Every structure is written in structure tokens, then in C-alpha cells.
1. Give the residue from Ser174, Gly187, Thr31 lying farthest towards the positive end of the charge dipole for the chain; charges sit on Cβ (+1 for Lys and Arg, -1 for Asp and Glu) and the dipole is referred to the Cα centre.
2. When Lys and Arg each count +1 and Asp and Glu each count -1, what net charge do the other residues less than 9 Å away from His212, Cβ to Cβ, add up to?
3. Explain nothing, just the number: dipole magnitude of the chain about its Cα centre with +1 on each Lys and Arg Cβ and -1 on each Asp and Glu Cβ, in debye rounded to the nearest 20.
4. Karplus couplings for region 232-237 from phi (6.51 cos²θ - 1.76 cosθ + 1.60, θ = phi - 60°), rounded to Hz, Gly and Pro as x?
5. Among residues other than Thr122 whose Cβ falls under 10 Å from its Cβ, what is the net charge (Lys/Arg +1, Asp/Glu -1)?
6. Would you mind counting up the charge near Gln198? Only other residues with Cβ under 14 Å from its Cβ, with Lys and Arg at +1 and Asp and Glu at -1.
7. Using +1 at the C-beta of Lys and Arg and -1 at the C-beta of Asp and Glu, which of Gly153, Thr122, Cys6 has the Cα lying farthest in the positive direction of the dipole of the chain?
8. Rounded to the nearest 5, what is the percent of antiparallel bridges among the DSSP beta bridges in the chain?
Amino acid sequence: MRILVCGAGGQVGHELVDRADAYGLEALGMTREHLDITAADQVASLVSQLKPGMIINAAAYTHVDNAEAHSERAYAVNRDGAASLAQAARDASIPLLHISTDYVFSGESRTPYREEDEVAPTGVYGASKLAGEVAIQAALEEHLILRTSWVYGAHGHNFVKTMLRLGHQRDSLSVVADQFGCPTQAGSIADVLLQLAQRYAQEGKLAWGLYHYSGRSPCTWFDFAVEIFRQAEAKGMLPKQPQVSSITTAQYPTPARRPAWSVLDCAKFEATFGIDTRDWHDDLAVVLDALAEAEAGAAVGAVQHSQA
């Protein structure tokens, strides 16, 4: 089956395109340069031309702080872009798999959020992503929305790569310790979406609807940072671990308010599809190994180039 992957330049989109072949699927990856999902006519034309059997939307305006000052752009991508894809999917009689976020919730809970819990985003990013969910649900019955959290991977910009960079530059740093969530590896998100796409290709149906999927076991950003440095030192990626101090959200003000609690309950997803979530400690090791391998390859390439 041919899949149109929107947002192929992002963390999850890159992994979707990279892994699709292993699932017997053909991924047609579209970056922002290839496809502007906010242009409904362009989306409809491309879907008509390529005739995919499914659309997976990994495209989003994800800069949480910039969204506060650029709300029009955030809504154009996260709401209107999602609506354009849903409409094109409906016209082509194909399904849409779509990635959403924990930021649709207020973060004031202390129990993991379930799909039916009240949504109350605290900023433009979360509100625009929620508007995208609503638009898809209104336009297309054959949709699957997957909310996830704290995404990181070997490709793109993310917390893990930022911490590794700072670990090389500083002997000490401070990290927020009163926000809780579940780090989720981009490759794991891609794997579950491709498993679902493979099932649809084989069976012609899925249990459509809204689901949560994230890494297993909550932590704080402080906990996450400490584990990144611990594993990186053990793998020889850092000469030594920097000293990490815990601070509060109030001590690290940002333009957009972050949810204090971003833990998602993934029981519905696991029970419906029989796919378990993965422990983020294990997934972190996978990403660090990939980054170390890429760094080693780049070093070898640089040496060969200098000798040429």
C-alpha cells in the first residue's frame, strides 16, 4: 500500500519514511517544500495525482513558544492543514492517521489522562492542535488520532540532542523538575503507526478513533536529563556527566505555559490493538546508539575527506 506521509522532514515523519519498507509499505514523504498542507487545493490535487491508500499526518507547527506570537500560522498548520488532509482523504475514500499532543490538557491532573478526559489547553499550540482534532473528527469517519508526548529521536531538534550539546559545553546546568511526562521515541511512534497501516492494508479496517500512545513510566525533565547524561557517559559519548540542579517552572519562565502533568493513559490503545508501549529508558538507549553511530560515521567521513 502506498502511504502519503506529510511532515517527512520532522522527527516522526523522517522515521515513517525510513521504516515503511520494512512493513511492506511504500511511503511518499512530503516535506513543507513539497506540500503546503494549509493549501487545500494543493492537497486535493496531490492526493488525486498520487492515489495513496492512506495519509499519515506528521506535519505540525510545534514551536510551543513561537506559537504564542504567531497564532495565525499555528492554526493554519495545526487546524486548517489537518482539515485539508481530512477533506482530501474523505474525497478519496481513504483513511487518515494523525499525530496530536498532550498539550490539549491543562496539566492540572495527577492521574494519567484518558482519551475521554476534559480538554483545556493552556496555550496556542495545544489549542490549535485540539482544533485540528475536532476538524478531522467532523470531516472524516475513517480517522485515527494518536496523542503523544515529549517526542525525541535521532533526527531533528529535541531535548535529548540539546542535553548532549549542553553536556559537552557545560560542567553544570539547571533543569525543570516539577513538570511530569512520558518521553516518547519518534521511531516507536512511527513503528506503531506503520503497524496500524499494515493491518489496514491487510484487513481493510481499523478501530478508528482517538488514542493515547507514549513512552512508559513518568518522569520529570530533570529525571530525563540525568538519565540522558548517565547513559551518554556510559556509552562514551560524554567524557563526564555535568552537575544537574533541579529548578521549578517559575524559575524558568517561558512565553507559553507548559503543562505540569503530561502523563497519558495508554491502556485503551494497548487493549484495542495489542501493542504495548515501550519503556523510555530502553528507547533512549536506542536513540543514543544511533546518534553515536552517526557521529562516528561523520568523523570517519571527515578524516577521509581531509586525506583526499
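Any read-out appearing in this document is the output of simple, stated calculations on the displayed coordinates, not a laboratory observation. The model shown is predicted, which means the values in this text are computed figures rather than measured ones. No Cβ is skipped: glycine too gets one built from the backbone with ideal geometry, and neighbour counts run over all protein chains shown.
1. Most positive-ward Cα: Ser174.
2. Details: positive: Arg114, Arg147, Lys268; negative: Asp102, Glu115, Asp265.
Every neighbour counted, the sum reads 0.
3. Computed charge dipole of the chain: roughly 300 debye.
4. Going residue by residue, I get 5, 5, 4, 8, x, 8 Hz, with x marking Gly and Pro.
5. Summing Lys and Arg as +1 and Asp and Glu as -1 gives +1.
6. Spelling it out: positives minus negatives among the neighbours equals 0.
7. Checked the options; the winner is Gly153.
8. If I count the DSSP bridges inside the chain, around 5 percent turn out antiparallel.
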